[in-house]
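Right, one structure below, let's go through it.
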Amino acid sequence: MTLVPFDNTWYCDKCDEYFKDEDDFIYCPYCGDVLKHDWYQRNLEDIEEFFNSGEKSICEECEEEFDKNFKFCPLCSKELKKESIPFKIEKDNSITADWNGEQTVIFNKELFISYPHFSATAVIKSFKFKESMDYKLMKLGLKPSEKLTYDETFSMFVSLESMGQVNGVIEFFKDDRKTPTMYDYMSVYKIREDLYAVLSVDFVYY
């Protein structure tokens, strides 16, 4: 499979001006509007759609989950609690979201141009698999304060997405008995000096 070449040219809607390889430029120097890139905008929309589709309607009385459009529990008539991942598209066209209780920049121009083909997918999978990863880390004995940071999680997924489609984290382990390498459908990824992850990956060669 061949990746589409990335053209690092950003534009201003208002001035119709174009800026190539100006990595530090966030806003148009002529009018102050945020600069755009069609590929970046599509990635941003994909992430926004993922967050919006993840809203849940929860009945605390019945401990059941229902369609996100439901307002009241069909089993007990209690008002349903809405749960979603808080996120915001900022003035500079970046996205911030809640990660371990803190507002974190999860997508911006810097991340995008570093990994234009895989950054949005890595963002989505970081959140898609977070609950499962937190549970596996807890079972391993890690404290809540030792959960993966967003940078650690994003780096793991973006590195492995460049090799194929990541299907999830199988397990974590604390020592280096398993050498970080690829075998069959799995990859071992070193997160910290004393923490490794085994992930399921459908490998693709670009």
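The values are calculated or read from the model by the stated rules, or taken from the named source; none is laboratory data. Since we're looking at a predicted model, the values are computed, not measured. Backbone-built Cβ (ideal geometry, glycine too); neighbour counts: all protein chains shown. Note: areas computed on protein heavy atoms with side chains; ligands, DNA, RNA excluded. Shrake-Rupley method; radii C 1.70, N 1.55, O 1.52, S 1.80 Å.
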- prompt: Are there GluC sites (Glu not before Pro) in segment 69-102 that DSSP marks as loop and that have at most 14 other Cβ atoms within 10 Å, and which are they?
  reply: Glu90
- line: Spelling it out for Phe72: with amide H atoms placed in the peptide plane at 1.01 Å from N, the residues 5 or more places away or on another chain with amide H under 5 Å from its amide H are Leu80
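Which sequence of Thr2, Thr96 reflects their accessible areas, 1.4 Å probe, from the largest down? Display every interim value, and only then the final one.
Details: Thr2 125, Thr96 15 Å².
Result of the area sort, largest leading: Thr2, Thr96.
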field: Farthest positive-ward along the chain dipole, Cα basis, beta-carbon charges - from Ser57, Gly164, Ser132
entry: Ser132
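Computed FRET efficiency, Cβ-Cβ of Lys190 and Lys128, R0 30 Å: what is it to the nearest 0.05? Can you show the working numbers first?
On the way: r = 22 Å, r/R0 = 0.73.
So the FRET efficiency works out to roughly 0.85.
What's the carbon and sulfur percent of the chain's accessible surface, probe 1.4 angstrom, rounded to a whole number? Show your work: numbers first, answer last.
Numbers: 5840 of 12400 Å².
Carbon and sulfur: 47 percent of the exposed surface of the chain.
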field: Per-residue [θ]222 nm for the chain (sum of -39500 (n - 2.57) over DSSP H runs n ≥ 4, rounded to 500)
entry: -8000 deg cm²/dmol
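Based on the alpha-carbon gyration tensor of segment 63-106 and its eigenvalue square roots a ≥ b ≥ c, which shape applies: rounded if a/c is under 1.5, prolate if not and a/b is larger than b/c, or oblate? Don't skip to the answer; put the middle values down first.
Working: a/c = 4.73, a/b = 2.76, b/c = 1.71.
Prolate, since a/c reaches 1.5 and a/b exceeds b/c.
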task: Report Met163's accessible area, 1.4 Å probe, all protein chains in place, as a number in Å² to the nearest 10.
output: 60 Å²
- line: At R0 = 22 Å the Cβ-Cβ FRET efficiency linking Asp92 and Glu17, nearest 0.05, sits at 0.80
- prompt: Roughly how much of Phe50 is accessible, in Å² to the nearest 10, using a 1.4 Å probe?
  reply: 50 Å²
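By how many nm would the segment from Asn100 to Cys31 grow when fully extended, if each residue of separation counts as 0.36 nm and the alpha-carbon distance is taken off? Walk me through the numbers on the way to the answer.
Numbers: separation 69, 0.36 × 69 = 24.84 nm, distance 3.71 nm.
Gain on extension, Asn100 to Cys31, equals 21.1 nm.
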- request: With r as the distance between the Cβ atoms of Met138 and Lys71 and R0 = 45 Å, compute the FRET efficiency 1/(1 + (r/R0)^6) and round to 0.05.
  value: 0.85
message: Which residue fluctuates most in the GNM of the chain (Cα springs below 10 Å): Ile170, Ile47, Ile58?
response: Ile58
message: If you count only protein heavy atoms with a 1.4 Å probe, what accessible area per residue comes out for segment 54-162, rounded to a whole Å²?
response: 57 Å²
statement: note: segment 102-191, Cα-Cα separations exceeding 24 Å make up a percent value of 20 percent
query: Any idea how far apart Lys81 and Glu55 come out in nm if each label point goes 7 Å out from Cα toward Cβ?
result: 1.8 nm
- prompt: With θ set to phi - 60° and the Karplus curve 6.51 cos²θ - 1.76 cosθ + 1.60, what are the ³J(HN,Hα) couplings of segment 125-136 in order, to the nearest whole Hz, using x for Gly and Pro?
  reply: 6, 4, 7, 4, 9, 4, 4, 5, 5, 4, 5, 5
